[in-house]
Amino acid sequence: LLDEAGRTLAAATPFSVHNGLQLPDGFAAQVWAQPAGRLHISQPARSGSSRAASMFLARTLARPGGQRVLAVLEVPIALLGEIVTQAMDVTELVITLERQDGLLMLSLPADLAQAGHVLSAPAPALEHDAQRAAVQAPGRLDGAPALVAMRPLVVPALRVAVSLPLSQALAAWQRLRMNMALVTLAF
């Protein structure tokens, strides 16, 4: 918890209590400027305590007496990657965690060159797909043809996209087609 001057009022780690919290430039001012307590998500930034890439989630809270404080949660991006990879069993999948404005927060496999950059706008079919089916669209990282599904998360400012290269998605069909052609030739 931070006061309006940026002083730490309470923290979960002794490092943050003694050294304060180093938020990305302009992030705290952006959150303080909002009249209502709305959740804000920072761009990926280096943590002051661990020097690892983290994202910060923050919102203002009203204390008794009308004083506002800033509640901040620091989430190491590597931790998010570990959670997501536990559920992955298809190695060809590309997963991206993005803000609604397209800022890439995390990608699996990691693409450090694009981390923290804004990705191109998703295909219109991904934005308005009422049936939530994967559609053929450019992959979120490389733009190559892929089957892509995109969903908003519980935190509306974040969305996840999963891409499977079209060549990989069609590999089983291509093997089946070849087998059918061989059987046809045999007859």
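The values are calculated or read from the model by the stated rules, or taken from the named source; none is laboratory data. Keep in mind that this is a model prediction, so the values were computed, not measured. Accessible surface is based on the protein model in full, side chains and every heavy atom, while ligands, DNA and RNA are left aside. Shrake-Rupley method; radii C 1.70, N 1.55, O 1.52, S 1.80 Å.
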> Hey, if we sort Glu4, Glu92 by accessible area with the 1.4 Å probe, largest down, what's the order?
Replying inline: Glu4, Glu92
> Over the heavy atoms of Val154, what accessible area does a 1.4 Å probe trace out, to the nearest 10 Å²?
Replying inline: 140
>> Given a 1.4 Å probe and heavy atoms of the protein chains only, how would you sort Thr184, Thr8, largest accessible area at the top?
In response: Thr184, Thr8
> How much accessible surface area, in Å² rounded to 10, belongs to the heavy atoms of Ser120 with a 1.4 Å probe?
Replying inline: 80
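How much length is gained on full extension from Gln30 to Ala172, taking 0.36 nm per residue of separation minus their Cα-Cα distance?
Working: separation 142, 0.36 × 142 = 51.12 nm, distance 4.92 nm.
Full-extension gain reported as 46.2 nm.
Just by accessible area at a 1.4 angstrom probe, what is the order of Arg46, Arg151, Arg159, Arg59 from largest to smallest? Intermediate values should be presented prior to the final figure.
Numbers: Arg46 140, Arg151 65, Arg159 15, Arg59 95 Å².
Order by accessible area, largest first: Arg46, Arg59, Arg151, Arg159.
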